[in-house]
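Below is one structure; the comments refer to it alone.
A short reminder: the numbers here are calculations on the coordinates, not readings from a lab. None of the values given here were measured: they were computed from a predicted structure. No Cβ is skipped: glycine too gets one built from the backbone with ideal geometry, and neighbour counts run over all protein chains shown.
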Amino acid sequence: MRTFNLKNLIRPNVANMKPYTSARDEYMGTTSEMVFLDANENPYNNGINRYPDPNQKELKNVLAKLKDISPYQLLLGNGSDEILDLIFRAFCEPGKDNIITLPPTYGMYAVLADTNNIDNRRVFLTTEFKIDVEKILNTIDGQTKLIFLCSPNNPTGNLLDIKDIEFILNSFNGLVIIDEAYIDFSLQHSWISKLEEFPNLVVTQTLSKAYAAAGIRLGICYASKEIIKTLQKIKPPYNVNLLTQEHALSCILNQKKIQRHVDAILNERNKLLSALTEIKCVKKAYPTSANFVLVKMDDATTRYNQLLKAGIVVRNRSNQPLCEDCLRFTIGTPEENNKLIKALKEMKQ
Ligand SMILES: *Cc1c(COP(=O)(O)O)cnc(C)c1O
């Protein structure tokens, strides 16, 4: 059984280092009547002349309330990509440790493993895109620090089985990262509610998909206070800029608008899925819990090029394991989806 001890996971250099303390860390008080001559900023106010809050207090408080969690269990990053990189750098010793990923899945895990010189052990999903628990257990060794699970998974679109995930959380002494970039399009509850139960659980979310804010780059990490404290130690002090913090706040406070968008996308997803069943060059549309659908074509690369000629860019995933002849369609506006359906219908056999 699991004997999880976070201290054994943290790289010694990280455990022993002193974090950078910024001017605003040392003094973060009432703003208006103080004179700030501490950070070498330009004093002339234009709305962005001051450094942003390195701890994003206001934004974290709003998020914490919304997600019913302590603000000390949150870390914000320049997209989830930065958060994932911080996790590598805090816990994986280059040239020595390894991680496990489950292809076909999000490409950044492998890129970050390469960047950080960490061995990426690939345990393919089953042909039904489920977790191969047995194989994962056989792949874990004393140097395995992280297992990346993406649910709903990109590019397959399916949720991973709750029981399988729980089994891995219970039997692995490293960290299990559940990437929930698409959770708002699914009916499943977030794994955030299980953080107390599993001290080795890390959940990531993003404003890039359901929140319609890929351009501002905001990723969110949820974990135990101890894990968050470790990541906080090595994050660049001003990693979330002022404009992002401001926009994210207004975006998160406007849940009604987010829900309207999500509902519209889910409606369109149903419409597209049913239209796809009548299209000859489509062999199969896989079930999806995300804002995209993986589709097996008769000949993916030919169809990809034909769509391009029709002015429609989709993602060709046919070189990914288990995704032979597959294209990935993001759900667009009704007009965009109609254009896709029309182009597919008009394709010659
Ligand atoms: C799109 C996506 C993200 C988003 O990353 P950001 O850096 O937050 O934009 C994360 N994980 C997966 C699986 C994705 O598909």
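Quick check on region 142-159: of everything there that is within 11 Å of the ligand (Cβ to nearest atom) and of a type in the set (Gly, Ala, Ser), which residue is nearest to residue 8 (Cα to Cα)? Ranking the qualifying residues of region 142-159, first place goes to 151. Out of 107, 95, one residue alone is over 23 Å from the mean Cα position of the chain (by Cα) and within 28 Å of residue 142 (Cβ to Cβ). It is 95. If you go through region 209-240 and keep only what is farther than 20 Å from residue 179 by Cβ and either among the aromatic types (Phe, Trp, Tyr) or in contact with an Asp or Glu (Cβ under 9 Å, 6 or more places away or on another chain) (or both), you end up with 236, 237, 238. If you go through region 126-172 and keep only what is of a type in the set (A, V, I, L, M) and in a helix (DSSP H, G or I), you end up with 133, 136, 137, 162, 165, 168, 169.
Take the residues in region 96-136 that are among the aromatic types (Phe, Trp, Tyr) and out of contact with any strand residue (DSSP E or B) (no Cβ under 6 Å at 6 or more places or on another chain), then tell me which one is surrounded by the most Cβ atoms within 10 Å (Cβ to Cβ). Quick ask: steps written out before the conclusion?
The first filter runs over region 96-136 and keeps only residues among the aromatic types (Phe, Trp, Tyr), leaving 106, 109, 124, 129.
Going one step further and asking which of them are out of contact with any strand residue (DSSP E or B) (no Cβ under 6 Å at 6 or more places or on another chain), we end up with 124, 129.
Values: 124: 15, 129: 22.
The qualifying residue surrounded by the most Cβ atoms within 10 Å (Cβ to Cβ) is 129.
Every residue, every condition in (1) within 26 Å of the chain's Cα centre (by Cα); (2) among the β-branched types (Val, Ile, Thr), yes or no:
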residue	(1), (2)
10	yes, yes
14	yes, yes
18	no, no
41	no, no
65	yes, no
73	yes, no
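Out of all the residues in region 178-191, is one or more surrounded by fewer than 16 Cβ atoms within 10 Å (Cβ to Cβ) and either assigned to a strand (DSSP E or B) or more than 16 Å from the ligand (Cβ to nearest atom) (or both)? Scanning region 178-191, I find at least one residue that is surrounded by fewer than 16 Cβ atoms within 10 Å (Cβ to Cβ) and either assigned to a strand (DSSP E or B) or more than 16 Å from the ligand (Cβ to nearest atom) (or both), so the answer is yes.
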